[in-house]
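The values are calculated or read from the model by the stated rules, or taken from the named source; none is laboratory data. This one's a predicted model, so the numbers in the text were calculated from it and none came from an experiment. Cβ placement follows ideal geometry from the backbone for every residue including glycine, while neighbour counts extend to all protein chains displayed.
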Amino acid sequence: MLETASSNSKSIKIDGANKLAIEVCKQRVIAVSVIFFVTTLLITIKLFYISVNNSIVYSNEIHKPDSVVRGRILDRNGKIIATSLPSYSLYLDATKVKHPLILLDKLLNIIPINNKKRILEKINNKEKFIYVARQLSPENAKKILYLGEPSLDFIIEPLRIYPLEEETSVLVGHVGLDDNAHAGVERSYNNKLKKGKDVVLTIDSRLQSIVHNKLKEGLNSFKAKAAVGIIIDVTNGEVLAATSFPNLNPNIRSHHSDHSRINRVTMSNYEIGSIFKSFTIASALNEDIVNLNSKFDASKPFKVKGLLVKDFYAQNRILDLEEVFLYSSNIGSSKIAMELGKDKQNYYFSALGFKKNIKIGIFETSSPIFPANSAESDIAVRSYGYGISINPLQALAALAATVNGGMYIEPMVVKDPLYEERPIIKVFKPEVSSIMKHLYRIVVEDERGTANLINIKEYDIGGKTGTADKYENGKYNSKKNISSFVAFLPINQPKYGIFILLDEPNLHKNKESTAGWTAVPIAKEIIKEMAPVIGEPSKHVNLNNNLIQEIVLQ
């Protein structure tokens, strides 16, 4: 009911149903005003944030999932080998698309779209979430935002980055879309990395770069089918560098499915030839079957149960133990192995890890090819590296036992107590190591030695070459070989073991394709570059320091 106010009153009083209706309207106006104020405030804050970041968002906001960032992979010095950075993945809502072809054409001007036909099918099916492109760069994401298309939106997803690219891919492995680990340390330590925890490798990225670059140069120079390069610390089994070719750049996803780019450091087995003479002689020395005064008749080929053993560098005379190693005599090595016998040979091969799959911190390792049944002739051929196949890292770890005092230490690539605390197997007596270091040195130092090309006057290096005909289609092909070389630095007290292997190197400058002409020069270049990095003083530096000390004392 409406009442008329007195003449003195300037207000109109309302009560009843009309008063109640007006009160409800007032509340609604207040509510709408509050909503409008809050919305305006949020928009103002958003515009301020955008202006600060120098960008304008025309589509819906970018969604960032609440997830743990994958842990980093670091080298032994803390250098980043693998890390995750945010990237932008584009999707669209088909229910908001008015002109599909026009929209896709706009996108094609910015990014490639390989699955255009499938996207169109999903748009026709009115799917609300359709991936268009994954892990875009910020620049391309910004260009797409400027299109102002309401059907487009982004999700922030992690992008795995490998700063050293192919240099470390062999052991580190790679991660694909959706953070799926496919190989290497990425795969073996996937659970730890997914929790955001870092993994530290034994690798020294400085040495890794040197090995990678010099091995690549050698591969191209000798036009080899494949190549392997490794450095380990012979005192503790830590892998300081390891790579092989062909390899992959983990930042390029098209490489991930190329199976020719496998890890040949631990996944490929080879008959590595005369390097096995190191194991034969060390085993015989350990059993006191031979010594430096022992003599072996290499005046003619050696017949063993249907096998005729010949020397590549035939001397056609009696050789002592030093000369058997110096000239890499198959005849001498076979005769030593026959004295050692099958049971002892098998014992030492087993102790050196040739009958098991080594566990180094990655899953991708091959088991040795070691036939269970062996004839008498097999004893001879295995003495110089035929009839048994192992992977390169396995070979280097066993060779380390011949110079480090006789201890076999299974190699490792990750700083993990699981590997650091493994038992060490005593294989050879310390005095055997002393003799082997002497033999390795004369192979390099003596001009008649098969590795004399690596005789760098500044450093004391020891080593052994190996050249084996390649086994193909059930027989050995004398026109193709596997050439390898192991070097130890410094040979008087070895710390570093370097192993180089070339698969089918071609003739070079009219020289032989044997290890002395192929693998040895590569190792030489690696040592020349790595010595200053590891702080290995040259003999000239030592001489100068001694002279300085003498002057000071005077």
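Just a yes or no: is a residue in segment 339-350 touching a Lys or Arg at 6+ places or on another chain (Cβ under 7 Å), in contact (Cβ under 8 Å) with a residue 60 or more places away in the chain, at negative phi and in the same structural domain as residue 400 (by TED's automatic domain parsing)?
Checked against the condition, which is being touching a Lys or Arg at 6+ places or on another chain (Cβ under 7 Å), in contact (Cβ under 8 Å) with a residue 60 or more places away in the chain, at negative phi and in the same structural domain as residue 400 (by TED's automatic domain parsing), segment 339-350 yields at least one hit.
Assess whether residue 176 counts as being over 18 Å from residue 80 (Cβ atoms), in contact (Cβ under 8 Å) with a residue 12 or more places away in the chain and not assigned by TED's automatic domain parsing to the domain that holds residue 407.
yes
Right, residue 364: surrounded by 15 or more Cβ atoms within 10 Å (Cβ to Cβ), among the acidic types (Asp, Glu) and closer than 28 Å to residue 243 by Cα or not?
yes
Are there any helices (runs of 4 or more DSSP H) wholly within segment 334-439 with 2 or more residues that are within 29 Å of the chain's Cα centre (by Cα) and modelled with pLDDT under 95, and if so which?
417-420
Take residue 223 and tell me if it is closer than 21 Å to residue 162 by Cα, among the charged types (D, E, K, R) and in the same structural domain as residue 506 (by TED's automatic domain parsing).
Taking the combined requirement at face value, the residue does not satisfy it.
Look at residue 110 and say whether it is surrounded by 11 or more Cβ atoms within 10 Å (Cβ to Cβ), of a type outside the set (Phe, Trp, Tyr) and either over 15 Å from residue 148 (Cα atoms) or not assigned by TED's automatic domain parsing to the domain that holds residue 147 (or both).
So residue 110 fails the test.
Output the number of residues of segment 297-333 satisfying the condition of being touching a Leu at 6+ places or on another chain (Cβ under 9 Å), surrounded by 21 or more Cβ atoms within 10 Å (Cβ to Cβ) and in a strand (DSSP E or B).
Qualifying residue count, segment 297-333: 2.
Residue check: is residue 151 outside the structural domain of residue 261 (by TED's automatic domain parsing), loosely packed, with under 14 Cβ neighbours inside 10 Å, in contact with a strand residue (DSSP E or B) (Cβ under 8 Å, 6 or more places away or on another chain) and farther than 18 Å from residue 80 by Cβ?
In short, no.
Kindly list the number of the only condition in (1) surrounded by 22 or more Cβ atoms within 10 Å (Cβ to Cβ); (2) touching an Asp or Glu at 6+ places or on another chain (Cβ under 9 Å); (3) not small (Gly, Ala, Ser) that fails for residue 187.
Status for residue 187: all satisfied but (1).
For every residue, the table says whether it meets (1) within 26 Å of residue 514 (Cβ to Cβ); (2) at pLDDT 95 or above; (3) part of a loop (DSSP other than H, G, I, E, B); (4) in the same structural domain as residue 334 (by TED's automatic domain parsing).
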position: 192; (1), (2), (3), (4): no, yes, no, no
position: 231; (1), (2), (3), (4): yes, yes, no, yes
position: 240; (1), (2), (3), (4): no, yes, no, yes
position: 251; (1), (2), (3), (4): no, no, yes, yes
position: 259; (1), (2), (3), (4): no, no, yes, yes
position: 264; (1), (2), (3), (4): yes, yes, yes, yes
position: 274; (1), (2), (3), (4): yes, yes, no, yes
position: 280; (1), (2), (3), (4): yes, yes, no, yes
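Can you work out which of the residues in segment 91-125 that are part of a helix (DSSP H, G or I), farther than 24 Å from residue 137 by Cα and basic (Lys, Arg) is modelled with the lowest pLDDT?
For segment 91-125, the residue satisfying everything is 122.
Within the bounds of segment 152-166, is there any residue that is over 25 Å from residue 412 (Cα atoms), in a strand (DSSP E or B) and of a type in the set (Phe, Trp, Tyr)?
Yes - at least one qualifying residue is present in segment 152-166.
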